[in-house]
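Before any comments, here is the structure.
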Amino acid sequence: MDQKWAHLGLMFTTILYVILTVITYAFFNQGVLKYVIWPTLSMTKVVQMPFIERFEYLFIFSWMLVILPPVCLCIWSVTRGFKGVFNSKPSLTLAGIHILINVFSFILNDRIMIQVFKDITAKMSTYILLVYIPLLYVFVTVKNKLSTNKSGPSQDG
């Protein structure tokens, strides 16, 4: 039952991303897209309404509702991972994650620092995906083979 809502949420987010991507590609030409930092946000500056002077504020708030669920899912998985690996309380891990998020929001205060952080994170995730996970798989496989060989077949006849 819960899986249905997860799939519907994923479908909604995917359709929203596709629609926004198509609209952005239709609005800007390829030469402009090379130089515009946030094309979707820049596109909302064109919208004018008599009762809202800055429509992009409303757009940013509504976009936060799209970004917040994946962030919460990542935070939840980190707390579950810490509970499984280090046997720590999820409430303490959650408090630590919130402190880290607040510290990073103060440290990363300009576009250049955010770009450097994004580049470092992208490189680290590539190394984790291509090096750490396969090495971890090999290590666990070898450890499991050694532990089954040490215990050996049972001596009961």
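The values are calculated or read from the model by the stated rules, or taken from the named source; none is laboratory data. Model, not experiment: these values are computed from the prediction. SASA here: full protein model, heavy atoms, side chains in, ligands and nucleic acids out. Shrake-Rupley method; radii C 1.70, N 1.55, O 1.52, S 1.80 Å.
Is it true that some residue in the range 22-43 is under 16 Å from the mean Cα position of the chain (by Cα) and under 23 Å from residue 114 (Cα atoms)? Among the residues of the range 22-43, not one is under 16 Å from the mean Cα position of the chain (by Cα) and under 23 Å from residue 114 (Cα atoms), which makes the answer no.
Enumerate the helices (runs of 4 or more DSSP H) found wholly within the range 21-97, keeping only those where 1 or more residues are open to solvent by 90 Å² or more (accessible area, probe 1.4 Å) and under 26 Å from residue 9 (Cα atoms). Walk me through how you get there before you give the answer.
Numbers: elements: 30-33, 39-44, 55-86.
Fully inside the range 21-97 and qualifying: 55-86.
Among the residues of the range 81-103, those that are within 27 Å of residue 114 (Cα to Cα) and of a type outside the set (A, V, I, L, M, F, W, C) comprise 81, 93, 96, 98, 102.
Looking at the range 103-122, is at least one residue outside any helix (DSSP H, G or I), open to solvent by 80 Å² or more (accessible area, probe 1.4 Å) and modelled with pLDDT under 90?
Residues of the range 103-122 that are outside any helix (DSSP H, G or I), as a first pass: 108-110.
Remaining after also requiring open to solvent by 80 Å² or more (accessible area, probe 1.4 Å): 109.
From the residues that got through so far, the ones that are modelled with pLDDT under 90 too are 109.
Yes - at least one qualifying residue is present in the range 103-122.
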